[in-house]
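Quick note: the coordinates plus some simple rules give every number you see, no bench work behind them. None of these values were measured; they are calculated from a predicted model. Note that we place each Cβ from the backbone using ideal geometry, even for glycine, and neighbour counts take in every protein chain shown.
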Amino acid sequence: MSEADVVARLADGMTVGIGGWGSRRKPMSVVREICRSSLRDLTVVSCGGPDVGMLCAAGKVRRVVFAFVSLDTIPLEPYFRRARESGAVAARQMDEGMMLLGLQAAAWRVPFLPTRAGLGSDLLRIDPELRTVTSPYPGPGGVHEELVAVPALHLDAAIVHVNRADENGCGQILGPDPYFDDLFLEAAAQRFLTCERIVPTAELTASGPVQSIRVTPLMVDGVVEAPGGAHPTSCVPDYPRDEAFQRDYAASAAEPGGWDAFRKEWIDGLDERAYQEKVKR
Amino acid sequence: MTDVARADVCAVAIADCFRGDGEILANPIGTLPTLGGRLARELHEPRLVMTDGEACLIGDTPPLGEAPAVIAGWNPYRRMFDVVWGGRRHVMMGAAQIDRYGNQNIASIGADPDRPMRQLLGFRGAPGNTINNPTSYWIPRHSTRVFVEKVDVVCGIGYDRAAQVGAAARFHELRRVVTNLAVLDFETPDRRMRLRSVHPGVTVEEVQAATGFELAIDGEVPQTRLPTPEELAVLDRLDPEGLRHREVPS
């Protein structure tokens with residue numbers, strides 16, 4: 001399928017999970033296609049990077065579910081900051097371990113998972129949906145501990161970018177970290193995998209250890225071949241982050257009309273192939 | 001006055017935070033914390049387990065910015081939660097704001113969390129870190145903007161919040177706060193922040209003036225110890241470009 005096919009299966013108001021981490025291995029080709037679409041009012045769940053910033057700047061987001069949003073080498077995402085500081089997007093903030101447990105609970109079809117993370121912090125004050133649960137079992141000294149009950153974080157759709165995949169949805173991560181990617185897929189009703197290259201299944205174990213095939217067809221509804229699709233974020237070992245591009249992107253946020261100029265140059269009127277050709281020039 | 005570089009004093013003070021930790025994951029975040037942690041591992045805590053800042057555990061102790069020559073293990077993002085929630089970790093985080101009980105804010109500035117005056121990083125892992133494993137802080141610019149009477153948003157929890165939580169907070173422990181001016185801790189009866197030592201060339205009055213709440217001070221405040229020649233040699237090897245002096249100028 002294509003990026004446009006993925007976007008055609010999304011709808012206004014959906015909760016969309018985006019894989020990767022910060023400015024690393026983000027499914028940016030689909031993010032760009034969402035920016036070009038008429039979609040709106042999305043709830044975005046992400047270990048956030050420029051995916052969150054661009055979708056906020058493009059007016060696609062009603063709410064961001066996040067523990068952090070960062071460009072790594074640029075600590076704060078400028079378009080996300082602007083959206084938050086202007087009140088343009090709502091937020092559900094969490095500890096990053098709570099995001100892990102919320103996705104895991106959805107994947108395992110349980111209503112919540114318990115954790116200490118969040119106790120005593122202002123998360124319980126600012127998130128009115130967040131509840132605690134008292135352990136039915138006595139702990140040390142006979143005390144029944146009260147823990148945070150992280151609710152299942154159900155996603156209407158998840159989009160993840162990996163290095164290699166086969167046509168059936170076997171996905172291979174050749175970089176050092178799978179982040180939460182398989183959990184995003186397992187927590188979602190519709191699951192989309194983009195990849196640098198679609199290869200015959202036999203090639204997967206030829207290019208990496210079996211443990212690198214982190215994504216199975218059980219987790220995937222559609223595969224998109226998107227060479228360079230994580231740009232400008234990194235997709236090691238295929239390519240590093242495009243730091244110069246990212247610096248220009250971040251700098252545009254400080255200019256009057258900066259987003260309009262950025263989207264005119266890099267989003268509007270370009271399909272993904274044209275984008276990739278333009279980046280190479 | 002002294003001709004020792006302030007950044008070297010800070011690096012050694014950070015290294016001393018990990019003294020006695022043994023075989024745990026030392027997880028210092030940022031330039032000087034990473035340098036201090038590696039100094040500790042190199043000289044007095046050889047069993048400290050450390051990462052390359054991404055998904056690998058280091059087998060040697062590389063200079064800042066260099067990949068390890070030896071990789072000792074795989075510790076991807078998701079694995080870190082196993083370590084944190086199991087407690088075998090000592091993290092050193094930063095803080096946009098910190099108060100007298102060690103409550104820390106890295107999420108946002110402003111009273112309304114739904115419309116912050118300044119959106120910062122987010123809660124990141126601060127709530128889970130502080131309630132599960134020992135935590136220290138590194139503050140490169142000690143000022144009343146950082147050391148505040150009340151933080152706008154509690155991310156990492158302090159001793160007053162931990163006491164309210166009760167039994168479930170039994171693994172909460174704040175060790176030290178190292179800054180460009182001083183070393184602080186919470187070794188007081190009521191767990192208020194105490195001035196543990198002032199760096200060479202800094203007065204107690206200067207530290208108090210740069211702090212937005214009253215520090216606990218018992219008697220004569222000692223001076224933070226000077227680096228040894230051996231420590232200075234290791235610092236030069238681990239930070240040949242002198243990145244530490246950019247973070248804390250002398």
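When the helices of chain A are scored as -39500 (n - 2.57) per DSSP H run of n ≥ 4 and the total is divided over every residue, the value at 222 nm lands at -8500 deg cm²/dmol. Just so you know, the averaged projected area of the alpha carbon convex hull for the range A:112-151 sits at 2.9 nm². Length, then width, then depth: along the principal axes, the Cα atoms of the protein assembly as shown run 72, 52, 49 Å.
The lysines whose alpha-carbon is closer than 23 Å to the alpha-carbon of residue A:280, local same-chain residues fewer than 8 away aside, are A:26, A:264.
I want to make sure I understand the PRE zone here: with the label point 7 angstrom from the Cα of residue B:149 toward its beta carbon, which residues in the range B:76-119 have backbone N atoms less than 13 Å away? B:100, by backbone N distance to the label point. Say we join alpha carbon atoms closer than 10 Å with springs in a Gaussian network model of chain B; which of B:200, B:240, B:68 then has the biggest fluctuation? Between B:200, B:240, B:68, it is B:240 that shows the largest mean-square fluctuation.
Between B:27, B:181, B:63, the Cα set farthest toward the positive side of the dipole of chain B (charges on each charged residue's Cβ, about the Cα centre) is that of B:27. Taking other residues whose beta carbon is less than 9 angstrom from the beta carbon of residue B:214, and scoring Lys, Arg as +1 and Asp, Glu as -1, yields +2. Each label point was placed 7 Å from the Cα along the Cα-to-Cβ direction; for residue A:207 and residue A:38 their separation is 3.8 nm.
Here r is the Cβ-Cβ distance between residue A:268 and residue A:236 and R0 is 35 Å; the resulting FRET efficiency, rounded to 0.05, is 0.75. Within a straight-line Cα-Cα reach of under 12 Å, residue A:60 can be paired with the following aspartates and glutamates, leaving aside sequence neighbours fewer than 8 residues apart in one chain: A:12, A:33, A:41, A:51. The simple Förster model, with R0 at 51 Å and r as the Cβ-Cβ distance, assigns residue B:4 and residue B:164 a FRET efficiency of 0.75. Mind listing which GluC sites (Glu not before Pro) in the range B:169-250 are in a DSSP loop and have 12 or fewer other Cβ atoms within 10 Å? When the GluC sites (Glu not before Pro) of the range B:169-250 are filtered for loop state and at most 12 Cβ neighbours within 10 Å, B:214, B:220, B:241 remain. Each of B:193, B:240, B:155 was scored by the projection of its Cα onto the charge dipole of the range B:145-250, and the greatest displacement toward the positive side belongs to B:155; charges sit on the C-beta of Lys, Arg, Asp and Glu.
Loop-resident trypsin sites (Lys or Arg not before Pro) (DSSP state other than H, G, I, E or B) in the range A:82-132 with no more than 14 further Cβ atoms inside 10 Å of their Cβ: A:109.
Counting neighbouring beta carbons within 10 Å and listing from fewest to most, the residues A:63, A:25, A:241 come out as A:63, A:241, A:25.
Taking the Cα centre of the range A:104-162 as reference, the dipole from Cβ charges on Lys and Arg (+1) and Asp and Glu (-1) amounts to some 120 debye. Modelled label positions at residue B:117 and residue A:260, each set 7 Å beyond Cα in the direction of Cβ, lie 3.1 nm from each other. Ordering A:207, A:29, A:37 from the fewest to the most neighbouring beta carbons within 10 Å gives A:207, A:37, A:29.
When B:147, B:213, B:123, B:81 are arranged by Cβ crowding within 10 Å, least crowded first, meaning fewest neighbours, the order is B:213, B:81, B:147, B:123. How much of the DSSP beta bridge set in the range B:95-250 is antiparallel, as a percent to the nearest 5? Just about 65 percent of them are antiparallel. Taking the Cα centre of the protein assembly as shown as reference, the dipole from Cβ charges on Lys and Arg (+1) and Asp and Glu (-1) amounts to some 680 debye.
Taking the square roots of five times each eigenvalue of the Cα gyration tensor of chain B, the equivalent ellipsoid has semi-axes of 26, 24, 17 Å, listed largest first.
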